[in-house]
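The structure appears right after this line, and notes come after that.
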Amino acid sequence: MTIQVFVPKFRVEECLSEIRECLEQGWTGLGFKTVSFERAWSNYTGLPFSHFLNSATSGLHLAVHMLRTKHGWADGDEVITTPLTFVSTNHAILYERLTPIFADVDQYLCLDPDDIERKITKRTRAVIFVGLGGNTGQYERVVELCKRRGLLLILDAAHMAGTRLNGSHVGRDADCAVFSFQAVKNLPTADSGMICWQTAEDDERARKLSWLGINKDTYARTSSQGNYKWMYDVEEVGFKYHGNSIMAAIGLVSIKYLDQDNAVRREFADLYEKRLAGSNGVQTVPVAPGCESARHFFQVRVKNRDEVMLALNEGGIFPGVHYRDNTDYRMYASQAGRCPNAAAASQEVISLPLHLNMSQSDVRLICDVVSRSAR
């Protein structure tokens, strides 16, 4: 028996029932299920406008593209971001010929607002804040900083499905929030995401841009009355980023259990904390005050990571590393050395297994191996 870092849990019969409805109606693309899932997400989070996409990566690119074109940013203008993230966060900036500027991370492994302020220049246009593992870090300070300095804020909430800050779902204070429902996320589908705007104008434009710039999507044309359903305009160059009804059908099931599932994840995380407390050579990554984290993963820091990873693997336990400092990659190497906290964390972090198919005895076993092997 092995213990993997991520294993999704699907309510299979319920998912098949939702998917069967799509197949029976012959509508598997953008349509009635995607609309239902968007409404369910807005009802759940309180975010006013939710648009279902084929991935969070698409959502991040769409967010940067829309803000750039709306506000007239020039090639080379800067977006402050974190080097401790999956590369799609920072690729989204490069897609639009903008310049990612890395700011360092804090004890929560989220962007440090003090270093953000140090990195602001006359060409800075926006900040992308990543809620790593579901943690909010010093997000409220970042919101205040962006407002004070006239910067736009994109929340990369890929790990934050179900995260609350001071009792409210995250995303309300950002200009745009992007969530992930990829296969191993807390709200799993096979791959999809949600982009959430604050205004109807931005939401309407996002819907056109995610369907190649066409001003009437296929479902709207099919469900409308009258002739000339084939008449539409293409208002600007867009992308094929919209989600489909099969993924939405799975999402409609997963969202019903999200709070319940996240509560189990937090129980496992609390047990990790208790079992690892006082272990020599092991530092757990804290959750920020006021944050009810989705706990997408549970991270520890150890100085001898290779040895700890090997010991875990020999015991049939396969953790992850989230993430390598992006400046380790050729694409972003020009900024190496500018974020020492992120660089140090990149050499030490381990994401221990955390999923709904685990047991408390699994957690205890993992903790015992980590405690024995860390130094």
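Can you list residue pairs whose Cβ atoms sit under 7 Å apart, with the first residue in the stretch 29-50 being farther than 20 Å from Asp173 by Cα and the second being in a loop (DSSP other than H, G, I, E, B) and not polar (S, T, N, Q)? Count only pairs 6 or more apart in sequence or on different chains.
That search, which allows pairs on different chains as well, returns Leu30/Asp217; Leu30/Gly243; Thr34/Gly243.
So which residues in the stretch 28-46 are part of a loop (DSSP other than H, G, I, E, B) and either under 19 Å from Tyr241 (Cβ atoms) or at pLDDT below 95 (or both)?
Thr28, Gly29, Leu30, Gly31, listed by residue number.
Of the numbered conditions (1) outside any loop (DSSP other than H, G, I, E, B); (2) at positive phi, Ala92 satisfies every one except a single condition; which is it?
With (1) outside any loop (DSSP other than H, G, I, E, B); (2) at positive phi applied to Ala92, the lone miss is (2).
For residues that are β-branched (Val, Ile, Thr) and assigned to a strand (DSSP E or B), scanning just the stretch 123-152, find the one that is surrounded by the most Cβ atoms within 10 Å (Cβ to Cβ).
Among those that are β-branched (Val, Ile, Thr) and assigned to a strand (DSSP E or B), it is Val127.
Taking the conditions exactly as written (at pLDDT 95 or above, over 26 Å from Phe239 (Cβ atoms) and surrounded by fewer than 24 Cβ atoms within 10 Å (Cβ to Cβ)), does Glu117 satisfy them or not?
yes
Test of understanding: among Glu267, Glu307, which residue is acidic (Asp, Glu), more than 30 Å from Asn43 (Cβ to Cβ), at pLDDT 95 or above and exposed (fewer than 15 other Cβ atoms within 10 Å of the Cβ)?
Being acidic (Asp, Glu), more than 30 Å from Asn43 (Cβ to Cβ), at pLDDT 95 or above and exposed (fewer than 15 other Cβ atoms within 10 Å of the Cβ) holds for just one of Glu267, Glu307, which is Glu307.
Look at the stretch 305-342 and say how many of its residues are within 27 Å of Pro113 (Cβ to Cβ) and either without any contact (Cβ under 8 Å) to a residue 60 or more places away in the chain or part of a loop (DSSP other than H, G, I, E, B) (or both).
13
Out of (1) surrounded by fewer than 16 Cβ atoms within 10 Å (Cβ to Cβ); (2) in contact with a Lys or Arg (Cβ under 9 Å, 6 or more places away or on another chain); (3) not basic (Lys, Arg), what's the single condition that is false for Cys291?
With respect to (1) surrounded by fewer than 16 Cβ atoms within 10 Å (Cβ to Cβ); (2) in contact with a Lys or Arg (Cβ under 9 Å, 6 or more places away or on another chain); (3) not basic (Lys, Arg), Cys291 is out only on (1).
Given (1) surrounded by fewer than 24 Cβ atoms within 10 Å (Cβ to Cβ); (2) touching a Lys or Arg at 6+ places or on another chain (Cβ under 7 Å); (3) in a strand (DSSP E or B), where does Ile80 come up short, assuming only one miss?
(1)
So which residues in the stretch 11-27 are touching a residue at least 40 places away in the same chain (Cβ under 8 Å) and either more than 20 Å from Asn244 (Cα to Cα) or surrounded by fewer than 17 Cβ atoms within 10 Å (Cβ to Cβ) (or both)?
Arg11, Glu14, Glu21
What do you reckon, is Val184 assigned by TED's automatic domain parsing to the domain that holds Ala63 and surrounded by 24 or more Cβ atoms within 10 Å (Cβ to Cβ)?
no
Please work out if His91 is buried (at least 24 other Cβ atoms within 10 Å of the Cβ) and modelled with pLDDT of 95 or more.
no
The values are calculated or read from the model by the stated rules, or taken from the named source; none is laboratory data. Bear in mind the structure is a predicted one, so any value in this text is a computation, not a measurement. Backbone-built Cβ (ideal geometry, glycine too); neighbour counts: all protein chains shown.
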